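*Asks:* One structure, pasted below without further comment.
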Amino acid sequence: MSQAAATAHDDHHYTSTGLSSWKVGFWTFIGSECLFFATLISTYMVYKGRSITGPYPGEILDIPLTSVSTFVLLMSSLAMVLGLDGIQRGSKRLTLIWLGAVILLGATFLGFQVYEFNHFVHEGLTISTNVFGSSFFVLTGFHGAHVAGGVIWLSTLWILAARGKLTSADSLKVEIAGLYWHFVDIVWIVIFTLVYLIQ
Amino acid sequence: MSSEAMAGNMAHDQGGDSHGEHGSHASPGFYWAIGGILTVITAVEVAVFYIPFLASVLVPILLVLSGAKFALVVMFFMHLKYDSRIFSGVFLAGLVLAAFMTVALIILYHVLPNYDLMG
């Protein structure tokens with residue numbers, strides 16, 4: 001690492017291991033989030049097939065639509081890592097393009113989720129209809145809230161980058177936001193498989 | 001630890017060992033390739049879902065495919081393959097605990113009720 005880059009990192013805090021305390025703390029947070037989503041996924045699995053009234057998952061889940069939204073979220077992860085690469089290279093243009101793409105793709109995923117929820121309610125499935133509805137809306141709703149939080153977080157970073165207040169010296173901020181975004185993506189990989197494909 | 005030593009460790013921490021010293025772990029082309037693989041795996045998952053004669057092995061196939069996607073994102077997009085093993089340890093601790101909890105709850109609610117434990 002060059003002297004300039006090392007100096008740029010001096011405003012960061014380090015643990016006794018020499019690792020950035022921001023990253024250690026954030027990975028610990030992600031570890032705890034694994035347990036949070038595991039409780040929600042476990043609840044869904046425990047109540048799977050125990051609804052005594054419909055609509056049932058096989059009648060209402062739209063696999064083609066959700067496949068597209070899954071693809072959108074996967075591509076947002078690709079855009080995120082390209083945005084991090086952009087800021088680490090010191091390219092404001094690439095940072096703005098790829099972070100903007102992540103925000104747009106994240107918002108598109110949320111749009112799909114709003115459409116799906118609205119469709120389910122019109123089909124008679126609400127959070128209080130049956131145990132499938134309760135566990136499904138709580139699980140996917142919390143995931144959607146995490147996506148919404150990520151979109152807001154990344155939007156603030158995009159505004160900072162556009163104003164020239166986010167430079168390559170601040171790449172750790174983008175990297176940590178990226179860790180959060182990728183985590184949201186891997187949670188969806190699990191949800192898509194266990195909830196939508198394995199019915 | 002001095003700030004110089006910490007900065008040195010930081011360089012290693014951010015992947016300076018194999019892919020450049022400023023946290024750039026791989027080239028954009030490599031990331032595009034990973035994105036392409038993730039897309040193909042997702043397409044295969046959906047295709048498998050609609051193939052009737054694979055219904056009996058659907059669950060293991062889907063678990064393997066989604067596990068592959070999970071691993072690709074964690075290793076290359078989240079850079080765990082290049083970062084300090086401490087990060088991997090912290091993440092895996094939460095992940096393993098979460099997996100144990102899920103399996104325990106499924107056994108408790110779906111397997112044990114099938115046995116007459118009082119009899």
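*Asks:* Only one of A:F112, A:F132 is in a helix (DSSP H, G or I) and in contact with a Pro (Cβ under 7 Å, 6 or more places away or on another chain); which? I'd like the intermediate steps shown before the answer.
*Replies:* On the way: A:F112 fails: in contact with a Pro (Cβ under 7 Å, 6 or more places away or on another chain).
Just one listed residue meets the conditions, A:F132.
*Asks:* Tally time: how many residues in the stretch B:80-119 are under 15 Å from the mean Cα position of the chain (by Cα) and not in a helix (DSSP H, G or I)?
*Replies:* Filtering the stretch B:80-119 down to residues under 15 Å from the mean Cα position of the chain (by Cα) leaves B:80-83, B:85, B:87-99.
If we keep only those that are not in a helix (DSSP H, G or I) as well, we get B:80-83.
Within the stretch B:80-119, residues that are under 15 Å from the mean Cα position of the chain (by Cα) and not in a helix (DSSP H, G or I) number 4.
*Asks:* Going by the conditions given, is B:S18 at pLDDT below 50 and more than 10 Å from every other protein chain (Cβ to nearest Cβ)?
*Replies:* So B:S18 passes the test.
*Asks:* Could you check the stretch A:11-28 and list, in sequence order, the residues that are farther than 15 Å from A:K173 by Cβ, of a type outside the set (G, A, S) and surrounded by fewer than 16 Cβ atoms within 10 Å (Cβ to Cβ)?
*Replies:* A:T17, A:T28, listed by residue number.
*Asks:* Here's a follow-up. Filter the stretch A:47-75 down to the residues that are among the β-branched types (V, I, T) and in contact (Cβ under 8 Å) with a residue 60 or more places away in the chain and list them by number.
*Replies:* Going through the stretch A:47-75, the residues among the β-branched types (V, I, T) turn out to be A:52-53, A:60, A:63, A:66, A:68, A:70, A:72.
Across the stretch A:47-75, the qualifying residues are A:I52, A:T53, A:I60, A:I63, A:T66, A:T70.
*Asks:* Of all residues in the stretch B:78-97, which are over 30 Å from B:A26 (Cα atoms) and surrounded by 16 or more Cβ atoms within 10 Å (Cβ to Cβ)? Full working, then the answer.
*Replies:* First pass over the stretch B:78-97, keeping only residues over 30 Å from B:A26 (Cα atoms): B:97.
Hits for the stretch B:78-97: nothing passes.
*Asks:* Right, another one. Of the residues that sit in the stretch A:185-199 and are more than 8 Å from chain B (Cβ to nearest Cβ) and touching a Leu at 6+ places or on another chain (Cβ under 8 Å), which one is nearest to A:A107 (Cα to Cα)?
*Replies:* Per the criteria, the residue is A:W188.
*Asks:* Can you find a residue that is free of Cβ contacts under 8 Å to residues at least 60 places away in the same chain, within 14 Å of chain B (Cβ to nearest Cβ) and either assigned to a helix (DSSP H, G or I) or more than 30 Å from B:V57 (Cα to Cα) (or both) anywhere in the stretch A:151-172?
*Replies:* The answer is no; no qualifying residue exists.
*Asks:* I've got another one for you. Pick from B:V64, B:V73, B:V111: which is crowded, with 19+ Cβ neighbours inside 10 Å and not small (G, A, S)? Break it down into steps so the answer makes sense when it comes.
*Replies:* Details: B:V64 fails: crowded, with 19+ Cβ neighbours inside 10 Å; B:V111 fails: crowded, with 19+ Cβ neighbours inside 10 Å.
Among B:V64, B:V73, B:V111, only B:V73 is crowded, with 19+ Cβ neighbours inside 10 Å and not small (G, A, S).
*Asks:* Can you confirm whether the stretch A:34-49 contains a residue that is away from chain B (no Cβ under 11 Å) and in a helix (DSSP H, G or I)? Break it down into steps so the answer makes sense when it comes.
*Replies:* Within the stretch A:34-49, the first condition is being away from chain B (no Cβ under 11 Å), and the residues that meet it are none.
Scanning the stretch A:34-49 turns up no residue that is away from chain B (no Cβ under 11 Å) and in a helix (DSSP H, G or I).
Residue-wise test of (1) in contact with a helix residue (DSSP H, G or I) (Cβ under 6 Å, 6 or more places away or on another chain); (2) touching a residue at least 12 places away in the same chain (Cβ under 8 Å); (3) among the hydroxyl-bearing types (S, T, Y).
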site	(1), (2), (3)
B:D83	no, yes, no
B:G89	no, no, no
B:A104	no, no, no
B:Y115	no, no, yes
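*Asks:* Does B:I37 satisfy being in contact with a helix residue (DSSP H, G or I) (Cβ under 7 Å, 6 or more places away or on another chain), within 30 Å of A:L84 (Cα to Cα) and more than 8 Å from every other protein chain (Cβ to nearest Cβ)?
*Replies:* Values: in contact with a helix residue (DSSP H, G or I) (Cβ under 7 Å, 6 or more places away or on another chain): yes; within 30 Å of A:L84 (Cα to Cα): yes; more than 8 Å from every other protein chain (Cβ to nearest Cβ): yes.
Spelling it out, B:I37 is indeed in contact with a helix residue (DSSP H, G or I) (Cβ under 7 Å, 6 or more places away or on another chain), within 30 Å of A:L84 (Cα to Cα) and more than 8 Å from every other protein chain (Cβ to nearest Cβ).
The values are calculated or read from the model by the stated rules, or taken from the named source; none is laboratory data. None of the values given here were measured: they were computed from a predicted structure. With ideal geometry, Cβ positions are generated from the backbone for all residues, glycine too; neighbour counts draw on all protein chains shown.
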